[in-house]
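Report on one structure; see the data block that follows.
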Amino acid sequence: MGEAKEIYSAPITPKTALSPPVSCPPSQFHSPSLTRSPLLQSENGDVHNSLPKSKTPKTPRTPRMSLTPRFITPLGSPVRKVLRFTKLDPQDAWLPITESRNGNKYYAAFHTLSSGIGIQALVLPVAFTILGWTWGTISLVIAFIWQLYTLWLLVHLHESVEHGIRYSRYLQLICATFGEKIGKLVAMFPILYLSAGTCTTLIIIGGTTARTFYQVVCGDACATAKPLTTTEWYLVFTCAAVVLSQLPNLNSIAGISLVGAVTAVGYCTSIWAVSVAQGALPGVSYDPIRKGSSAQSAFSILNALGIIAFAFRGHNLILEIQATMPSSEKHPSHVPMWKGVKVSYTIIAACLFPLAIGGYWAYGQLIPSNGGMLTALYAYHSHDVSSFVLGFISIFVVVNGLCSFQIYGMPAFDDMESSYTTRMKKPCPWWLRSIFRVFFGFFCFFIGVAIPFLSSLAGLIGGVSLPVTLAYPCFMWLKIKKPKKHSLMWCLNWFLGTFGVCLSAILVAASIYIIVDTGINVSFFNPQ
């Protein structure tokens, strides 16, 4: 047995009873990777299968069979009186998210940037048409600072030195904090949507943009040849995404995330730069749109806030990205993770703010509500901008969609494979892993064809996913870290968490009202 360089231990004290292990959902495992050693030994060479002991004696419970697996990830403690290790569960080494623990700050920056910026940023100027210059800019700044703060909370909640546990998945952390039932109730749907729903949206936008790229490249030849239908373009994009999804784990797609990050920065910068270079449109107006009664205007403002919230997604992947890093007492994973996050979000800010402000300056109230900046560029400047620039932007959008599909699909891949490893007690074979990923890709394709207007629900989606980003991390910090009552951290997290939940409920109600009042182009099984 080789030397274990990243072995974690939990503090124990003499004369204590066994503490109950952490209970997690069947599909959420969080024991450490066994790339170095499946059985950890004590200094005397004995293998210990007992769990870390707690400081508070508890009444022993009779062992019983449970369908819920109980695993822990031992983590080093700064105070150790007795050094003892636990037997590690091997299943975490079989799952895509934690199969490899060789990540670093560069990989973290690639993944965070690829998941944190994308197509959703292109609709930010639409929110400005409702909020106007002042409140649009203020709302964007507040949202950026708020989500960066909750991101810092999640990075530091990933590993608990006090309890010797490392949380490798968002759902695992929230279930361990509030209990399995409450955790699944409040977080399961938003997290599932941010995975499968985002992949579906990427298929819709990626397939549509691939069709536009083909039309730009072939030019007049498209008029004589029989073009592919929109559904067929969705299928082309899905097949390419499924082929890329065969890479085994999260660390193995670091290069793909780098490509996704570069293309995202490329097309965001190109779109706002070209739009600003072309100048403001004739007759452009910057007066906030106010239609109907006061209630309708209020709901429109709330819907605009939901669009801004939708632009800041990706928090559901932060713990998973950090889980790919090694961690030890002297070198905890939150240090390189936060370095990578700071670099990536500096770049994200350099893309989002010029895109929102420059796009609103160029198009004002004339910007299309569906598609945002990308649609506006094709609608107003298709004859003013060279085909090379339009093709360049289009292919970058398609490539970024393919790359983002991989990182957003990884939690779903992990969940499906964990169901197999739980039942069979062995790694998922390569052929079954391929079947799982093909099934997921074409399931998203089916949803994209059935509900092609999914990308038009940006305000509603932002309201539903807002607590995952802005509210739940605050409550989890209060529950786990237990800051002093009435201290700055205590007051700040209570305020932000409560305000975030209330804002989410209001945004969902406002978005539903706007959809019912103004309507959207509902076309089931009829992609345009």
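The values are calculated or read from the model by the stated rules, or taken from the named source; none is laboratory data. Everything numeric here is computed off the predicted structure, so don't read it as measured data. Here Cβ is always computed from backbone atoms with ideal geometry, including for glycine, and neighbour counts include all displayed protein chains. Surface areas here come from the heavy atoms of the whole protein model, side chains and all, with no ligands, DNA or RNA. Shrake-Rupley method; radii C 1.70, N 1.55, O 1.52, S 1.80 Å.
Things worth noting here:
- Gyration tensor (alpha-carbon) shape descriptor, the stretch 344-499, a/c threshold 1.5: oblate
- Projection of the Cα convex hull of the stretch 177-303, averaged over all directions and equal to a quarter of that hull's surface, yields 14.7 nm².
- Phi to ³J(HN,Hα) by Karplus 6.51 cos²θ - 1.76 cosθ + 1.60 over the stretch 109-119, Hz, x for Gly, Pro: 5, 4, 5, 5, 5, 5, 8, x, 9, x, 4
- Of LYS184/LYS481; LYS339/LYS425; LYS184/LYS485; LYS105/LYS426, those spanning more than 25 Å from alpha-carbon to alpha-carbon: LYS339/LYS425; LYS184/LYS485; LYS105/LYS426
- 3J(HN,Hα) couplings calculated from phi for the stretch 268-282 with the Karplus curve 6.51 cos²θ - 1.76 cosθ + 1.60 (θ = phi - 60°) are, in sequence order, 5, 5, 5, 5, 6, 5, 5, 5, 5, 5, 6, x, 5, 5, x Hz; Gly and Pro show x.
- Classification of the stretch 264-317 by its C-alpha gyration tensor yields an oblate form. The axis ratio a/c (a ≥ b ≥ c) is 1.5 or more, and b/c is at least a/b.
- Amide H partners (placed H, <5 Å) of GLU159, local residues excluded: TYR167
- Within the accessible area of the stretch 372-425 (1.4 Å probe), percent carbon and sulfur: 64 percent
- Accessible area per residue in Å² at 1.4 Å probe, computed on the stretch 128-169: 34 Å²
- Label sites at TYR149 and TYR106, each approximated as a point 7 angstrom past Cα along Cα to Cβ, lie 3.4 nm apart.
- Projected-area mean, the stretch 311-386, by convex hull of Cα positions, square nanometres: 7.2 nm²
- Phi-based couplings in Hz for the stretch 367-382 (Karplus 6.51, -1.76, 1.60; Gly and Pro marked x): 5, x, 6, 9, x, x, 5, 5, 5, 5, 4, 5, 6, 9, 10, 5
- Placing unit charges on the Cβ atoms of the charged side chains and taking the dipole of the stretch 94-518 about its Cα centre, the candidate lying farthest along the positive direction among ILE253, SER114, CYS175 is CYS175.
- Fraction of C-alpha pairs exceeding 17 angstrom in the stretch 93-208: 72 percent, rounded to a whole number.
- Each of PHE405, GLY266, TRP490 was scored by the projection of its Cα onto the charge dipole of the stretch 94-518, and the greatest displacement toward the positive side belongs to TRP490; charges sit on the C-beta of Lys, Arg, Asp and Glu.
- Portion, in percent, of the accessible area of the stretch 191-328 that falls on carbon or sulfur, probe 1.4 Å: 68 percent
- Inter-part distance, the stretch 171-239 to the stretch 345-364, computed on C-alpha centroids, equals 23 Å.
- Rg to Rh quotient for the stretch 224-288, alpha carbon positions, Kirkwood Rh: 1.18
- Overall size of the stretch 94-518 from C-alpha positions, given as principal axis extents largest first: 62, 54, 38 Å.
- Inverting the pair-averaged 1/r between distinct Cα atoms of the stretch 153-200 gives 11.6 Å as its Kirkwood hydrodynamic radius.
- Lys, Arg +1 and Asp, Glu -1 on Cβ, resulting dipole of the stretch 94-518 about Cα centre, debye, nearest 20: 1120 debye
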